[in-house]
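Derivation of every value follows stated rules applied to the coordinates shown; laboratory data play no part. Quick caveat, the model's predicted, so the values are computed rather than measured. Cβ placement follows ideal geometry from the backbone for every residue including glycine, while neighbour counts extend to all protein chains displayed.
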Amino acid sequence: MSDQNTPNCTIFTLDIGGMTCASCVSRVEKALDRIPGVEAASVNLATEQAKIRLEANSTTSLEDVIAGVQKTGYEAKLSNPHQANEKNQSHSFWGSDGLGRVLLSFALSAPLMLPMFLMPFGIHWSLSAKWQLLLATPVQFILGWRFYKAGFKSLLAGAGNMDLLVALGTSAAYGLSLYQMFASAHASHELYFEGSAVIICMVLLGKWLEARAKQQTSEAIRALQKLWPENAKVLNTNTVIGADAFLDQYREVPLEQVFPNDRIVVLPGERIPVDGTIIFGSSHIDESLLTGESEPVKKQLEARVIGGSLNGEGVLIIHAQAVGVESVLSKIITLVEDAQTQKAPIQKLVDRVSAIFVPSVIAIAVLTGIANWFFLDSVSIAILRSVSVLVIACPCALGLATPAAIMAGTGVAARYGILIKDPQVLELAHRLNIVAFDKTGTLTIGKPRVLSFIPLTNTNEDANTLLATAAGLQMGSEHPLAKALLDAAKQAQVQPIAPTESQAIAGIGISGKPSAGPYAGRKLALQSLASLVSSASVANSATLAKQTQALLDAGNTVSILVDQESDALPLAIIAFGDELKPNAKEAIASLHRLHIRTVMLSGDNSAAANRVGKLLGIDEVFGQIMPGDKAQIIHRLQDADHSRQYVAMIGDGVNDAPALATADVGMAMSTGTDVAMQAAGITLMRGDPSLVADAIDISRRTWKKIGQNLFWAFAFNSTGIPLAALGYLSPMLAGSAMALSSFCVLSNALLLKRWRPSLQ
């Protein structure tokens, strides 16, 4: 994440190196909290990052913060937002978590472990004490040096971590073996060099597996980051666009040198480098990795395009509008990174437990040693059981349980167009039992249009003539229904007949006299059905009401073109509708399958709102409500039935922002306003209401994984420590179990990557 500066604070993200468990996280956070000027700090083990917010006008610099972290024994550097989150040192073959170290440790330890595999076959053989010492020493002090280094630093900082436990445990086993070796010349069968070596082998293997799993949890971020092309083709300033004459008149520059208002050439098969508008050409654009939309979208002149999307078959010229951090792709990356860096509320409990975990384990190990020495009168057994306790009690799995699930869940959600900005949403979404929808722009397309134009049988005029006449009456009007009628005429390639005079009739419609056509000079009116039916002069009002009933039942707004000079003779029926989004009905059905009650909030008249609600199968409809009333209704829903209800609000407009903020979980359509998206915890990139159920589903699944991981992490430690203290787990088995626990937690979290939206 790049630095973010606001009038009130400075926010930046650091990459933290050397963290191994939850207690490391706690220690780094405490160190950051002690730095003057640090207002808040959040450290994430899975991402190995710290998000820090400095107070306004603080004299503390970035270098001061980095130095404060380094004093605790950990590495720290400013995170680079435009590079994949890969630690080259860690992931290289011979790096600290590299495969080379694992293979070398197993190669040196294999001869030490060989006697254990031969014993079941009746072969009693072992290496001499000197050879055991020769093989175990490089594993202990060269390959295992990282544990001594990090453990010593943690000790100096006044707390312990996993590395300290491993260093203490293996050193005890190694030291006991060294003592036995010099105390008895024939003690080759009573040495425990293989125990200390195998523990280090298994821990190194576990760290390597953990590093690989962490890479997979952050795949979504890296996939988004790779969408940026390295260069952009900027059209020369004086180039005139025409035909293909411009194709050799551009210069290729690094992406960071592109500025707003530049004209960018995008060839077929290339990624679009900026957000902007098409000023030449047309093509199908693949936006799947940005919006989750599987099918390429047809884009023509003046259409907006998103940087990072893939151009199809056509040559395009894009007028650059948003570049760098202002682009949609950068904002998406920032949102996902923020979600993965922040902590879910339950993680705070884990951090408190981890803070006292390591000192408690050391105390238990000491007591285990004393008790076994006292009751069994054996120093070697006492030390080995203490070693087992130290090794198996590592809190790695505990520290990874929550962040690994959050990274995997938010990552896979982002891949399908669901941006979860706040991890708290994951804790609340699984409790949701009510979902409230705004109607216009959320369940409907948000733009009224003519759905039906029906000439009546008592006229001899064709539909186009009547459409031209009706559209002409609306010329010059800014009313949404007027625009819809004029758009219908344009689409039908009909020229509206301008009126010689026109007059708006408040609450009813508009009247006027066409200047041409069969009704030239006659007074016509375009008015609401309700105003006609209530009039005694309208001809065949009962028949008219019957003809329009089906349109009204579908939730349409109905207007009638009438000839006022012929006793209000109806000429045509026009049905306007804000067409339902294609997946709106399935979206409601999906929520019902999740046992969630649905509510619709609409400013439309109650009758029209109820018709839409009935058509979609919505449980409760609130019509004719003012924008400010939506938040109050959310409050009432939360307190309904004399018990706490958890409510989600789905909206897209500025007027929805208070309700989005009031709801337990706010979801905003990306097709709406920035204000709505800022107020919401989840952004739905496609504006598709079916994503609501998908967002709740992935949130529930992520929360379930968090619960599973924490259960197994706590269960592992609560059962493993007593078993180790009682001698049922050898140091080698304890080391293997400890490594396996972290890997299992991460692997369980990675199962979320299999999730797919319901309509995919």
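Key figures
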quantity	calculated
Order of HIS284, HIS319, HIS642 under a 10 Å beta carbon neighbour criterion, fewest first	HIS642, HIS284, HIS319
Highest-first arrangement of 745-752, 594-601, where packing means the average Cβ count within 10 Å	745-752, 594-601
Alpha-carbon centroids, the stretch 251-290 and the stretch 23-76: separation in whole Å	38 Å
Amide H within-cut-off set for GLY441, under 5 Å, with H built and near neighbours excluded	GLY446
